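Below is one structure, written out as structure tokens; comments come after it.
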Amino acid sequence: MLVNVVKSKIHRVKVTGAELHYIGSITIDEDLMDAAGVIEGERVQIVNVTNGERLETYAIPGPRKSGEVTLNGAAARKVAKGDILILITYAFMELDEAKAFKPSLVFPNEETNLLN
């Protein structure tokens with residue numbers, strides 16, 4: 001049996017931009033993606049701590065050491081620059097594997113979105 005478990009979480013990052021006229025996705029500083037084990041194109045659940053919105057899109061890498069967290073396309077309507085987000089990815093695993101699995105938890109600097 002497969003179960004769907006939290007694979008990684010980037011906890012409390014600040015939205016740096018919202019680009020409505022873009023195909024879609026969330027642009028995330030590639031350093032944050034690497035730290036959390038998020039790959040380009042991976043599904044990301046976005047929890048907006050500021051306004052309570054929840055949505056899903058896919059990740060694309062942004063420039064390293066930029067702290068960029070930009071919502072693109074329709075998702076841009078669900079955030080405002082400065083909102084605080086939690087980014088979560090999930091993975092399907094066999095039950096025994098899931099019981100032993102430890103997700104990657106990343107806690108960047110909340111003001112800069114950079115790793116400490």
Seminar exercise, completed: How many residues of the stretch 3-21 are within 10 Å of the chain's Cα centre (by Cα) and of a type in the set (A, V, I, L, M)? The answer is 2
Seminar exercise, completed: Looking across the stretch 14-34 at residues that are farther than 16 Å from T57 by Cα and out of contact with any Ser or Thr (no Cβ under 7 Å at 6 or more places or on another chain), the single one that is surrounded by the most Cβ atoms within 10 Å (Cβ to Cβ) is L32
Seminar exercise, completed: Quick count over the stretch 73-116, residues being closer than 30 Å to V3 by Cα, of a type outside the set (G, A, S) and more than 13 Å from the chain's Cα centre (by Cα), is 11
Exercise. Name the residues in the stretch 22-45 that are closer than 12 Å to S104 by Cβ and under 10 Å from the mean Cα position of the chain (by Cα), would you?
Worked result: L32, M33, A36, V38
Exercise. Restricting to strands (runs of 3 or more DSSP E) lying wholly in the stretch 40-116: which have 2 or more residues that are farther than 13 Å from K14 by Cα and touching a Lys or Arg at 6+ places or on another chain (Cβ under 8 Å)?
Worked result: 54-62, 84-94, 104-106
Exercise. Taking K14, is it more than 14 Å from E68 (Cβ to Cβ) and either out of contact with any Gly (no Cβ under 9 Å at 6 or more places or on another chain) or not acidic (D, E) (or both)?
Worked result: no
For this session: Would you point out which residue out of A36, A100, A74 is hydrophobic (A, V, I, L, M, F, W, C), farther than 17 Å from L115 by Cβ and in contact (Cβ under 8 Å) with a residue 12 or more places away in the chain?
Result: A74
For this session: Could you grab me the full set of residues in the stretch 72-116 that are of a type in the set (S, T, N, Q) and surrounded by fewer than 13 Cβ atoms within 10 Å (Cβ to Cβ)?
Result: N116
Problem set entry | Failed item in (1) in contact with a strand residue (DSSP E or B) (Cβ under 8 Å, 6 or more places away or on another chain); (2) crowded, with 16+ Cβ neighbours inside 10 Å; (3) in contact (Cβ under 8 Å) with a residue 24 or more places away in the chain, with V3 passing the rest | (2)
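Each value in this text was obtained by applying a stated rule to the coordinates, not by laboratory testing. Every value quoted in this text rests on a predicted model; they were computed, and no experiment measured them. Ideal geometry is used to build each Cβ from the backbone, glycine not excepted, and the neighbour counts take in all protein chains shown.
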